[in-house]
Each structure stands twice: as C-alpha cells, then as structure tokens.
Amino acid sequence: AAAASGGGGAGLCPLWLLPLLLLFLPVLAAGPAGMLQPRDTPSRERRELGGLWSFRADLSPGRDAGFAQRWYRRPLRQSGPVIDMPVPASFNDITQDRSLENYIGWVWYEKEVLLPLRWLQGDPAPRVVLRFGSAHYYSIVWVNGVQVVEHEGGHLPFEADISSVVQGSPGTLCRITVALNNTLTPHTLPPGSIQHMTDKTRYPKNYFVQNIMFDFFNYAGIHRPVVLYTTPAAYIDDITVTTTSSDSVAMVQYQVAVVGSTANSLSLSLRDQEGKVVATGDGPVGELKVLNPNLWWPYLMHENPGYLYSLEVKMQAQVGRALLEDVYTLPLGIRTVHVTSTQFLINGKPFYFHGVNKHEDADIRGKGLDWPLIVKDFNLLRWLGANSFRTSHYPYAEEIMDLCDAYGIVVIDESPGVGIRLPESFGNRSLQHHLAVMEELIRRDKNRPSVVMWSVANEPASELPSAAHYFKTVIAHTKALDPSRPVTFVTNANYALDHGAPYVDVICVNSYFSWYHDPGHLEVIPLQLTAQFENWYKTYQKPIIQSEYGADSVPGLHSDPPLMFTEEYQVAMLREYHSVFDKKRKEYVIGELIWNFADFMTNQGTIRVVGNKKGIFTRQRQPKAAAFVLRDRYWKIANESSCLPPVITSHSLFL
C-alpha cells in the first residue's frame, strides 16, 4: 500500500467519481478512429510543448476545489499559487514536498502558447490537433476554457481537434489546461483500491491509502510529449499495413482512411533506404509488390537488422474551391511471424528471445520520457547482446518503439493489465475497459515490425473461474483486431489451475525459485524449473518463454558462498536457471527474459530497499556482476544461430 495523507473521508465524493460531476461541461465531439503518430511532412506541421508548465496539486479535502472553483476558466496562476513543473516528467520526485511524492488525487497543469497565424487562417483553415503521448491516469483537457477531451488510461496517446476553439478565439493565444487524476480503482488498468483509515486513534482525519497490486511505483504526471500539429481540412486519418514474403517477392497489403472529403486521388510510393521507389499503388485499399525485398530482421539475426522502407501516402481532395493535398510517410518493415508447437518463427527462421524486461523509470524524472536515458538503454541492450524485451507492464513511449523498429529489437507489447487480482476486476465493467485499451494499443502499434506479439496482462489471478471468460474474450478481441500476430498473457499461476492459458498462442511463465519460493536454496532450481517447463508443455503443447526470473542484488554487497541480496547470489541464480534453459531450448523453450534490466522504484516496504534491486544494471545504468554473465551468454547464443554471419561478434558489431 502506498500511503498518502490528505483528502477523502466520509461524506466526500470519491476521487474517481469526480469526472461524473463534469457532465454539464461542453465537450467537443470525439475524434475519428485513426491516430497516426505526428510527423512533419510537406502538408503537416508539428510543435512540441515540452518545457515548464504551471502546476498545482488540489489539496482540498475532497480534491475537488479545482472543479468547484472552475480553475480552467482563467489562467491557473490567477486562482492560487502555482509552481513550475517540467513536461514530460512525473511530478512525484521533482520537489522536496513529501506530500507531493505520494499524492493521490487531482493535479492541474497549464501551458500558454502562441499559435502561428497560418494555423488560424485560410479557406478552409488547417485542422489543429492537440495530442498527449500519455498522462497518468485520468485526464481532462481544456483549451481557452473549453473542454476538448477526456481520457482514461495512463500509457497511450489521446488527442482532440481544437480547430474550432483556437480559430474562433480572438488573437493567437492558446491556453491549455489539464486536470489529471492518478487514483486507481478495481476497474482501472492497472487496478487498485482506495482504503479509508477510520480509526481516529491511529490515523489523522480523512486519511486514506492507495492500495496497488503491482511492484513498481505509481508515478503520475504528463509522462510523454505534448504536441500541437496541423493537417489540411481533408486529411489522411489512418493507415494499416500487413506484409507477407517469399524468397524473392514481398507483398504489402494496405488500407488508407481519409476524413474530410472524398479523395480525388490517393497514391502510394514505397521507397528503400536509398530513396529509390520500389513499388507504387493507388486507391484506399490495395497491395504493393516488392521484388527482392530487404526483410526486417531482428538484431543479431542478420548483418543489417531493422531494415525500414518508407511508405509515402499522398492524397488530393476538393474542399469547396480549394484543392487540398495531404502527405504522410510511414516507416515500414517487411517481416512475417509464425508460431508452431515448439518454435517462434520470424521470416520463416527460428527466433529465440534472449532479452530483458524493463520499466520506464529513472531518478528524478520518474516515468517521464528522457532522450539521453532512452539512447543509453539501447546502447546497453546492444552491448548486452539482447535481441528483445517485453514492455513490462504497460505500453512504452512511441519514441522507444521507433528505435526498436530501427535497431531490430523485438518487442512483446504488453497492455497495462498488471495486478488484475481482485474478483471484481474480472467483471464486465473492467472487461469493457480492457477491450478498449487493447483497441488503443493496437491502433497505435499495429504497423510496427518490431512488435511480434501482444501481451494482454501480467500475473493476473488466472486461477479464478471468472478468468476463463475474461481472457477468452480479451484474447479473441485482440486477435480480431489484429489476426497477424500471436497473443499471450504472462502467468505465475499453477499450470493445472490457469483458466486463461488455453487461449494463448505462447505460454509466458514467471517464476522465482530460490527467491520468493525456497529463499536461499539454489539447489532446488534445476528440479523445480524443469518440472515447470515439462508440466506446462505436457498440458498445452505450446512453446514457452521464461518471461521473468531473477534475484535482488544490492550493488557492492558481496558474499562467498553466495547469500541473498549479494551480487554473487544473483549470478549463481542466473547460472542455475541457464543450465535448465540450455536443455529445454533444444525442445520447446523459445525465450528467456531477465527480470530486470535495471533497478527501479517501488512503494516503500520491508522487502524493498529504495526500490526493486533485481536489475542487472543499477538505476543509474551501471553494471552489476550479473550483467557480464548475461552478456557472455547472449553473445554465445547469438553466435550459435545458423542465421548469424560468422563475422558478427560482440566486438566487431558493438564495442
């Protein structure tokens, strides 16, 4: 439980119900289904709004003063004190205010920007869109005092067409106000619960805690870039591509959605990395034929991994007396994915996941997007010889996914469905939200070659009978949205009791033998891990990934013979697991993902010494002894692959 002193209490509106009080506010119509990643093109402009925003936490007892006093109606500084808050960043660790570090409830952000006149004029004027990469967890956004969008969920983008607001306002000032609530309930994703402490002899008045069922800190704030961008009044709204290939020919199937007018013409050009046009097409639905294609290969599986073409889509449409043109360029990788009972195939070749689990987590910035950290992490991944990671336990930033596409890092793309443990979290209300989240995730990442599998949840209570209908529905919905990729969820349930496992394509299992089970007894790992694999495979006849394993190690803490929490114990545990992996990867084990890439922050607790220490790197990205053990192993596995040219080594490819 994460303690938070402050609001709540008897007779006050629960924090998560406050959005229901806002129904009287005017809201712009919801945007269209497509949400292409904003890019600068000949017809589009993009402006990032990162930097310092005005910020205030609502410290009123019910956390509702901002709505009662309508803080969005005028500049935030006029309704009370504000502080500077960087965006993107979590707000928790920015100040010296302990109450803000563990704050639960509504916080308010505001930014004033001047728009170019060309964005506000014309016949027809361009479309102006406000987009948030993510904000945790529930967001309400106003522009110049007019509510433009609400969004539930802390890890996926949302946007609003604000053209009518800014083009109908005097001058070029655009005041963006955001109310953000990080409260988690049994029906949010991830779930949580608010517990009010009513014993007045032990707790202050109106004291409550936010209970969570996941082991990472519930950072909050505007975590990813906020962008204003323009399109023509008639525009390309969505693009969907899938690819197939043989030895010498690839086919790219495409669908293009246009909004605002019927397109007079719609043309597509596929260019290779030298800019040469290799295929063309026209019309909203069709197929491009690519001769002798450069396939998208994972890192260490080919000497030229992550090959990306550029798909340029160009539309012309008549709107009134104006002939409008919109251009959008989509990076495109040609690759196939197929799963058998014992193998995971990429482009028809067996692929073995030797990678990591990560978190978006770092000192001070929390979960805020940070380019130096992102580039450092990818350099460490390639140094390590890691070819893959899972987005544990939520979708990662688009900027991270872009680099996965470009570098050939394979991704298991996971929803925020972590900690689904309460029986009420398997009801229809939670299920409908989970389905909506999968729609948002697939809409965002459907065209990415790096994404080879969807994961709908991590460590749910899948032993509950209600989990059968829940996961059958979520997985079927995910497959209907995207038939081209396998679907899984990550389990730590007993193989004989798991009600969700029958519906997955790949079994992903977490286990911590000699850590959470039989702590300190390394000698039990071979027997228990072997039994785990054999039981799962005998029951389901599906390939298996060891999706988590590991041990905490405090950097600089040593003991020989190994004792728990020392670097030596972490290394010894890894070696015991690896000996079993090496036997079973010759059969049906198709991957191993260490928990975790780097130490990360958690709630305070008696088993957490300033966070989770299972990283092979520290939170500051310095290697522990386990990093070198894993590096030797991953490069050895890579060089055993028949797909890998012999010239590629850890020294020749990445120093």
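The values are calculated or read from the model by the stated rules, or taken from the named source; none is laboratory data. What you see is a predicted model; the values in this text were computed from it and never measured. Glycine gets a Cβ as well: all are built from the backbone with ideal geometry, and neighbour counts include every protein chain shown. The protein model used for the area step is the full one, side chains on, heavy atoms only, and it has no ligands, DNA or RNA in it. Shrake-Rupley method; radii C 1.70, N 1.55, O 1.52, S 1.80 Å.
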Answer yes or no as to whether Leu266 is touching a helix residue (DSSP H, G or I) at 6+ places or on another chain (Cβ under 7 Å) and on the phi < 0 side of the Ramachandran plot. no
Near pairs, Cβ below 6 angstrom, 6+ apart or cross-chain, from region 486-507 (in contact (Cβ under 8 Å) with a residue 12 or more places away in the chain) to any residue that is open to solvent by 40 Å² or more (accessible area, probe 1.4 Å) and part of a loop (DSSP other than H, G, I, E, B): Pro486/Asp505; Val487/Asp505; Asn492/Glu459; Ala493/Glu463; Leu497/Glu463
Out of region 488-521, which residues are among the hydrophobic types (A, V, I, L, M, F, W, C) and closer than 17 Å to Trp536 by Cα? Phe489, Val490, Ala493, Ala496, Leu497, Ala501, Val504, Val506, Ile507, Cys508, Val509, Phe513
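Yes/no per residue for (1) at pLDDT 95 or above; (2) under 19 Å from Leu228 (Cα atoms); (3) aromatic (Phe, Trp, Tyr); (4) touching a Pro at 6+ places or on another chain (Cβ under 9 Å):
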| site | (1), (2), (3), (4) |
| --- | --- |
| Gly6 | no, no, no, yes |
| Leu25 | no, no, no, no |
| Leu28 | no, yes, no, no |
| Arg39 | yes, yes, no, no |
| Arg70 | yes, no, no, no |
| Arg73 | yes, no, no, no |
| Gly80 | yes, no, no, no |
| Pro86 | yes, yes, no, no |
When region 333-383 is checked residue by residue, the ones that are closer than 27 Å to Tyr588 by Cβ, part of a loop (DSSP other than H, G, I, E, B), touching a Leu at 6+ places or on another chain (Cβ under 8 Å) and of a type outside the set (Phe, Trp, Tyr) are Arg335, Thr336, Asn347
Do you know which of the residues in region 585-594 that are touching an Asp or Glu at 6+ places or on another chain (Cβ under 9 Å) and open to solvent by less than 20 Å² (accessible area, probe 1.4 Å) is farthest from Glu523 (Cα to Cα)? Leu593
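I need the full set of residues from region 287-313 which are aliphatic (A, V, I, L, M) and in contact with a Gly (Cβ under 9 Å, 6 or more places away or on another chain), in order please.
Selection gives Leu288, Leu295, Leu300, Met301, Leu308.
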Got a number for residues in region 52-78 being open to solvent by 30 Å² or more (accessible area, probe 1.4 Å) and outside any helix (DSSP H, G or I)? 8
Among (1) open to solvent by 40 Å² or more (accessible area, probe 1.4 Å); (2) farther than 30 Å from Gly615 by Cα; (3) touching a Phe, Trp or Tyr at 6+ places or on another chain (Cβ under 7 Å), Gly333 falls short only on (1)
What are the pairs with Cβ atoms under 9 angstrom where one residue, in region 147-161, is in contact (Cβ under 8 Å) with a residue 60 or more places away in the chain and surrounded by 24 or more Cβ atoms within 10 Å (Cβ to Cβ) and the other, located anywhere, is among the polar types (S, T, N, Q) and not in a loop (DSSP other than H, G, I, E, B)? Sequence gap at least six, or different chains. Gly153/Ser139; Gly154/Ser139
With Leu120, Leu114 as the choices, which residue is under 21 Å from Gln147 (Cα atoms), over 28 Å from the mean Cα position of the chain (by Cα) and open to solvent by 50 Å² or more (accessible area, probe 1.4 Å)? Leu114
Among the residues of region 573-583, the number that are open to solvent by 20 Å² or more (accessible area, probe 1.4 Å) and in contact (Cβ under 8 Å) with a residue 12 or more places away in the chain is 4
Selection from region 79-115 of residues that are of a type in the set (D, E, K, R) and assigned to a loop (DSSP other than H, G, I, E, B): Asp93, Asp97
Here is a check on your reading of the model: is Leu563 modelled with pLDDT of 95 or more, farther than 27 Å from Leu431 by Cβ and part of a loop (DSSP other than H, G, I, E, B)? yes
So which residues in region 384-395 are of a type in the set (Gly, Ala, Ser) and either in a strand (DSSP E or B) or open to solvent by 20 Å² or more (accessible area, probe 1.4 Å) (or both), if there are any at all? Ser388
State which residue is surrounded by the most Cβ atoms within 10 Å (Cβ to Cβ) when the search covers only region 595-610 and only residues that are in contact with a Gly (Cβ under 9 Å, 6 or more places away or on another chain) and among the aliphatic types (A, V, I, L, M). Ala598
Counted residues, region 228-255 - those being touching an Asp or Glu at 6+ places or on another chain (Cβ under 8 Å), touching a residue at least 40 places away in the same chain (Cβ under 8 Å) and within 24 Å of Asn292 (Cβ to Cβ): 2
Matching residues in region 336-376 - criterion: being of a type in the set (A, V, I, L, M, F, W, C), open to solvent by 20 Å² or more (accessible area, probe 1.4 Å) and more than 30 Å from Ile544 (Cβ to Cβ): Ile364, Leu369, Trp371, Leu373, Val375
Condition first: buried (at least 22 other Cβ atoms within 10 Å of the Cβ), over 16 Å from the mean Cα position of the chain (by Cα) and modelled with pLDDT under 95. Can you find one or more residues in region 131-141 that meet it? no
Is region 550-565 home to any residue that is open to solvent by less than 20 Å² (accessible area, probe 1.4 Å), within 25 Å of Val356 (Cβ to Cβ) and under 24 Å from the mean Cα position of the chain (by Cα)? yes
